[in-house]
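One structure below.
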Amino acid sequence: MKMKWALLASLTALAAILSGCEPLLVLDPKGPQAARQASDIMLSIFIMSGIVIAVLVILVVILFKYRASKQPADYEPPHIEGNIWVEAICVGIPVIIVAFLSFVSVKSNYIVESAPVGYEDQEPLVVYALSSDWKWHFSYPEEGIETVNYLYIPTDRPLEFKLYSYGPITSFWIPQLGGQKYAMADMVTTLHLAADEPGEYWGRNANFSGKGFAENTFNVTAMSQKDFDEWVEEVHETADPITEEEFNKLLEPGHLGQMTFTGTHLDFSPAPEHNHDSEADETETETETETNQDDHSSHEESKHSGH
């Protein structure tokens, strides 16, 4: 009896504690990319819950129906070679589930890697997001602004983040706007996001990158396009320009508060946007040119030798 009441009290306390928890950010989407990923997560949870419930129900039925006390003392179970229907169900259902989830995952991957749904015909706001130990630098090349550890974005407009790193691999992640993507040295990766409504959001580095990793976070403020334009004007009127010397100091390991500058570091330290195909074509062209020059030189030498 005491055990029953102890169990009931524990369940009541657990329910009370969990009721005070905030909703998971990934299940509270504020943009089309995050909404797609949240729906996929819930779909996976429902499928897995259905499997668990079905298995538990079958387990209870088998334990009750085939319990030893129900059978006569001289009962001997029949010899069964196999059951085609049981084997088909045990193999077929998992195959169907995996195939279905794979199809959904691949389809969603193409969707979230493209421009946000509903924003395909709009010009995106391009932001270069650079990570260093242990801070985030955001450059707005069109607006001529750079911020540190905070990000202002307009709502109802596609966002195109160009991600790279000065140092170890990091992961750019704003849970309520979309999934994470890696920022690496010597290359740029692109992440498409959008915010459907104004608000304060939270972003962070989701990949361990040293002792300062825990505080490698940034704040995101989504606002109307009008408010965003007014913020841009205010920055140009009040902020100091960023210099190469100041930028190099910012790259030194450590934590900083929020900072704002006019201009961007891209003017004197461009992002590593390499066009490998073009480089390969140039190399091939140079090789062909050198080969042709060698052939021409050999031909001239042969002519002179003949004379």
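The values are calculated or read from the model by the stated rules, or taken from the named source; none is laboratory data. This structure is a prediction, so every number in the text was calculated from the model and none was measured. Heads up, the Cβs are rebuilt from the backbone with ideal geometry, glycines too, and the neighbour counts pull from every protein chain shown. Accessible surface is based on the protein model in full, side chains and every heavy atom, while ligands, DNA and RNA are left aside. Shrake-Rupley method; radii C 1.70, N 1.55, O 1.52, S 1.80 Å.
Numerical summary
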quantity: Length released on extending from residue 84 to residue 211, taking residue separation times 0.36 nm less the Cα-Cα span; calculated: 40.0 nm
quantity: Accessible-area order (highest first, 1.4 angstrom probe) of the listed residues 173, 136; calculated: 173, 136
quantity: Residue 103/residue 46 FRET efficiency (R0 22 Å; Cβ-Cβ; nearest 0.05); calculated: 0.85
quantity: The stretch 56-204 - share of DSSP beta bridges that are antiparallel (%, nearest 5); calculated: 75
quantity: 5 angstrom amide H check on residue 195, placed H, neighbours 5+ away; calculated: 156, 157
quantity: Pairs beyond 23 Å (Cα-Cα), from 226/249; 30/226; 107/135; 181/249; calculated: 226/249; 107/135; 181/249
quantity: Over the stretch 105-174, volume per residue of the alpha carbon convex hull, in Å³; calculated: 105
quantity: Protein-only accessible surface order, largest first, of 246, 87, 81 at 1.4 Å; calculated: 81, 87, 246
quantity: Ellipsoid equivalent to the stretch 51-137 - semi-axes via the Cα gyration tensor, in Å; calculated: 56, 18, 12
quantity: Stretchable slack from residue 230 to residue 126, in nm (0.36 nm times residue separation minus alpha-carbon distance); calculated: 35.7 nm
